[in-house]
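Shown next, in structure tokens, is the structure this report addresses.
The values are calculated or read from the model by the stated rules, or taken from the named source; none is laboratory data. All of these numbers come straight from a predicted model, not from anything done at the bench. Cβ coordinates were reconstructed from backbone atoms using ideal geometry, including for glycine residues, and neighbour counts include every protein chain displayed.
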């Protein structure tokens, strides 16, 4: 990735944890300076961000993103960041990676 390059992606959340480095999300293992993840304002359900075992409840619950909420991660390897939610056509995440 070129210095200063920005990648914008929209990801449809599913009921399975997916690494942001995967082909359905960012499709890169390069580590961005800043990684922003926002749950769509019209999302029907929350999405969760965390490690590989992230879930929606209990000991594995990650950072909850309600509709319209976002989180920023700095210097985080996208291969180590997973997202999970529920299957619903309105559940989209907006992902921005700045390199």
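Of the residues 97, 25, which is assigned to a strand (DSSP E or B), in contact with a helix residue (DSSP H, G or I) (Cβ under 8 Å, 6 or more places away or on another chain) and either surrounded by 17 or more Cβ atoms within 10 Å (Cβ to Cβ) or in contact (Cβ under 8 Å) with a residue 12 or more places away in the chain (or both)? Steps first, please.
On the way: 25 fails: assigned to a strand (DSSP E or B).
Only one candidate passes the filter, namely 97.
Please work out which residue is surrounded by the most Cβ atoms within 10 Å (Cβ to Cβ), limiting yourself to the stretch 64-88 and to residues that are part of a loop (DSSP other than H, G, I, E, B) and in contact (Cβ under 8 Å) with a residue 40 or more places away in the chain.
Restricting attention to the stretch 64-88, the residues satisfying the condition of being part of a loop (DSSP other than H, G, I, E, B) are 66-69, 75-77, 81, 85-88.
Filter again for in contact (Cβ under 8 Å) with a residue 40 or more places away in the chain, leaving 75-77, 81, 85-88.
Values: 75: 9, 76: 16, 77: 15, 81: 24, 85: 26, 86: 14, 87: 11, 88: 14.
Result: 85.
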Residues that are more than 14 Å from residue 14 (Cβ to Cβ) and touching a residue at least 40 places away in the same chain (Cβ under 8 Å), drawn from the stretch 41-63: 42
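Which of the residues belonging to the stretch 23-41 are over 18 Å from residue 61 (Cβ atoms) and at pLDDT 90 or above? Talk me through it step by step, then tell me what you get.
Just the residues of the stretch 23-41 that are over 18 Å from residue 61 (Cβ atoms), to begin with: 23-36, 38, 40-41.
Passing the criteria: 31, 32, 33, 34, 35, 36, 38, 40, 41.
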Test result for residue 52, touching a strand residue (DSSP E or B) at 6+ places or on another chain (Cβ under 6 Å) and assigned to a helix (DSSP H, G or I): no
Filtered residue count, the stretch 17-45, keeping only those that are over 12 Å from the mean Cα position of the chain (by Cα) and under 14 Å from residue 92 (Cα atoms): 5
So residue 54, is it modelled with pLDDT of 90 or more and in contact with a helix residue (DSSP H, G or I) (Cβ under 9 Å, 6 or more places away or on another chain): yes
Residues satisfying the stated conditions in the stretch 13-22, i.e. modelled with pLDDT of 85 or more, under 10 Å from residue 79 (Cα atoms) and not in a strand (DSSP E or B): 20, 21
